[in-house]
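Trainee: Here it is: the structure, laid out below.
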Amino acid sequence: MSRKLLDLWVGFFVALGLAAVLFLALKVGNLSAANFSDTYSLTAKFVNIGGLKVRAPVKSAGVVVGRVAEVRFDPETYEAVVSFTIDARYRFPKDTFALILTAGLLGEQYIGLDPGGDEKMLQNGDTIAKTQSAVVLEKLISQFMFNKASEGQSDK
């Protein structure tokens with residue numbers, strides 16, 4: 001095998017390795033799921049969003065129907081305002097319930113949509129009125145520990 005042919009094969013495998021690393025980086029960052037189909041925007045307000053991040057999935061019945069587009073803080077109501085886009089193929093009733101859920105015990109957080117029974121559908125720019133904030137594990141543990149400590153003191 002000549003030196004030039006060997007260099008060509010090495011270059012080919014290096015390029016293939018770089019492409020594989022780029023593909024994995026996009027998969028991990030949820031950037032490869034770019035969806036160029038039609039979408040519509042919805043907004044929801046939450047008291048606590050936990051670790052919800054931009055590009056987090058929006059799921060209904062376990063199926064990804066959209067992505068979180070923006071997370072901001074409303075200084076007037078002291079709530080987190082989450083804007084997300086939904087694929088136009090999926091329509092949800094006006095009384096849909098938005099919840100912040102966790103995938104697994106310590107997994108990523110996402111928005112879950114529980115459809116209601118209203119005949120009117122949500123439109124582009126609408127706000128979901130019914131929401132449930134994230135369950136913060138640290139807060140639950142501290143409440144449990146505080147309750148156990150107060151039980152121990154009342155027994156004496």
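Trainee: Note the angle between two axes, namely the Cα long axis of helix 3-28 and the longest principal axis of the Cα atoms of the chain, as a number of degrees from 0 to 90, rounded to the nearest 10.
Mentor: Once rounded, the angle reads 10 degrees.
Trainee: A further question on this structure: Any idea of the accessible area per residue across the chain, 1.4 Å probe, to the nearest Å²?
Mentor: Result: 69 Å² of accessible area for each residue.
Trainee: How many lysine pairs in the chain, separated by 8 or more positions in sequence or lying on different chains, have Cα atoms less than 23 Å apart?
Mentor: Step by step, the pairs that qualify in the chain add up to 19.
Trainee: Also, quick follow-up: From the helices alone, meaning DSSP H stretches of at least four residues, give me the mean residue ellipticity at 222 nm for the chain, per-run term -39500 (n - 2.57), in deg cm²/dmol to the nearest 500.
Mentor: -10000 deg cm²/dmol
Trainee: Out of all DSSP beta bridges with both ends in the chain, state the antiparallel percent to the nearest 5.
Mentor: 75
Trainee: Would you grab the residues whose amide H sits under 5 Å from the one on Gly50? Only those 5+ places off in sequence or on another chain, please, with H modelled 1.01 Å from N.
Mentor: The answer is Ala134.
Trainee: Apply the Karplus parameterisation 6.51 cos²θ - 1.76 cosθ + 1.60, with θ equal to phi minus 60°, to every residue of the range 52-63 and state each ³J(HN,Hα) to the nearest whole Hz, in sequence, with x for glycine and proline.
Mentor: 5, 10, 4, 6, 5, x, 10, 10, 9, 6, x, 9
Trainee: For the chain, with all protein chains present and a 1.4 Å probe, just round the carbon and sulfur fraction of the accessible area to a whole percent.
Mentor: About 62 percent, which is the carbon plus sulfur part of the accessible surface.
Trainee: Would you mind classifying the range 58-138 by shape? Square roots of the alpha carbon gyration tensor eigenvalues, ordered a ≥ b ≥ c; an a/c under 1.5 is rounded, otherwise it is prolate if a/b is larger than b/c and oblate if not.
Mentor: The shape class here is oblate.
Trainee: For Glu108, what accessible surface area do you get with a 1.4 Å probe? Give it in Å², rounded to 10.
Mentor: It works out to around 100 Å².
Trainee: In whole Å, what are the extents of the chain along the principal axes defined by its C-alpha atoms, from largest to smallest?
Mentor: 86, 54, 31
Trainee: Considering amide H positions built from the backbone, and no H for Pro or chain starts, which residues 5 or more places from Ala56, or on another chain, come under 5 Å of its amide H?
Mentor: For Ala56, whose amide H was placed from the backbone, the distant partners under 5 Å are Val68.
The values are calculated or read from the model by the stated rules, or taken from the named source; none is laboratory data. Nothing here was measured: the structure is a model prediction, and the numbers come from that model. Accessible surface is based on the protein model in full, side chains and every heavy atom, while ligands, DNA and RNA are left aside. Shrake-Rupley method; radii C 1.70, N 1.55, O 1.52, S 1.80 Å.
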